[in-house]
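Have a look at the structure below, then the notes.
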Amino acid sequence: MLSRVRELYLFRHGETDWNREGRFQGHVDVPLNEEGRRQAQRLALILGRRGLEAILTSNLSRAAETGRIIAAAAALPVFESAGLREAHLGAAQGLTMAEISERFGEATLGRWRSSLPTDADVAYPGGETGAAVMNRAFAALDEFLDQHPYRRIGVATHGGVVRRILQRLLPPDAPPAPIPNGIVYRVLRSEDGDWSFDGHTPW
């Protein structure tokens, strides 16, 4: 690997009570539960073998706490970015999938969870589109990398953000990537600013 390639380890935050209940959180600031903190500790062990130099997190507490737990285990600096927040889900925030399907239709729910580029314009009433989430997430990552010299960075973020980042990097016909709490994906940015997907990290 070229020395100027930047490695980012994207991971979804640990579990919250709303995750356990199947509720869509969006910008609602739901904290980690005890299982979520245990998941973060396991992530600290996994990512501790990757030589990370810094942690960048969403500024929502469930991601920020996950990031701080991992950072504390290796004495890493922590940075926060609002650009890595979960998608704003508008009228769908706080609802379960069944409630969303009933209120807004299964087609809207399916398109929101889709990885197809043609579905990137979907949004719940009052919420962000998938394309808007994708654009702000990449802008936040690019801004951080342009301002800091770190080569290996852990990124604590949310399921919807990971989905949109991978939507841009994976082939258009790729199936949706699994995004359980604590999943880790590795992506690369070249010296020229080109992004690529390097796979799920199952260590």
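Values in this text are rule-based calculations from the coordinates and carry no lab data. The shown structure was predicted, so the numbers you read here are calculated from the model rather than taken from an experiment.
Below, the figures for the structure above:
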{"read-out": "Beta bridge orientation in region 44-190: antiparallel %, DSSP, nearest 5", "value": "0"}
{"read-out": "Cut-off under 5 Å, modelled amide H: who pairs with E80 long-range", "value": "T57"}
{"read-out": "Computed [θ] at 222 nm, deg cm²/dmol, the chain (DSSP H ≥ 4; -39,500 (n - 2.57); rounded to nearest 500)", "value": "-11500 deg cm²/dmol"}
{"read-out": "For region 105-203, convex hull of alpha carbons as volume per residue, Å³", "value": "117"}
{"read-out": "For region 82-136: rounded, prolate or oblate by the Cα gyration tensor [a/c cutoff 1.5]", "value": "oblate"}
{"read-out": "Length-normalised contact order for the chain - Cα pairs under 8 Å, 6+ apart - percent", "value": "32"}
{"read-out": "37 °C / 0.692 mPa s Stokes-Einstein diffusion coefficient of region 1-89, Kirkwood radius on C-alpha pairs, µm²/s", "value": "241"}
{"read-out": "Gain in span if fully extended, H148 to R20, counting 0.36 nm per residue against the direct Cα distance", "value": "42.5 nm"}
{"read-out": "In Hz, Karplus ³J(HN,Hα) per residue of region 190-198 (6.51, -1.76, 1.60; θ = phi - 60°; x = Gly, Pro)", "value": "6, 4, 7, x, 7, 9, 8, 9, 10"}
{"read-out": "Euclidean distance of C-alpha centroids, region 156-172 and region 8-53, integer Å", "value": "16"}
{"read-out": "Calculated P(r) tail over 31 Å for the chain, as whole % of Cα pairs", "value": "14"}
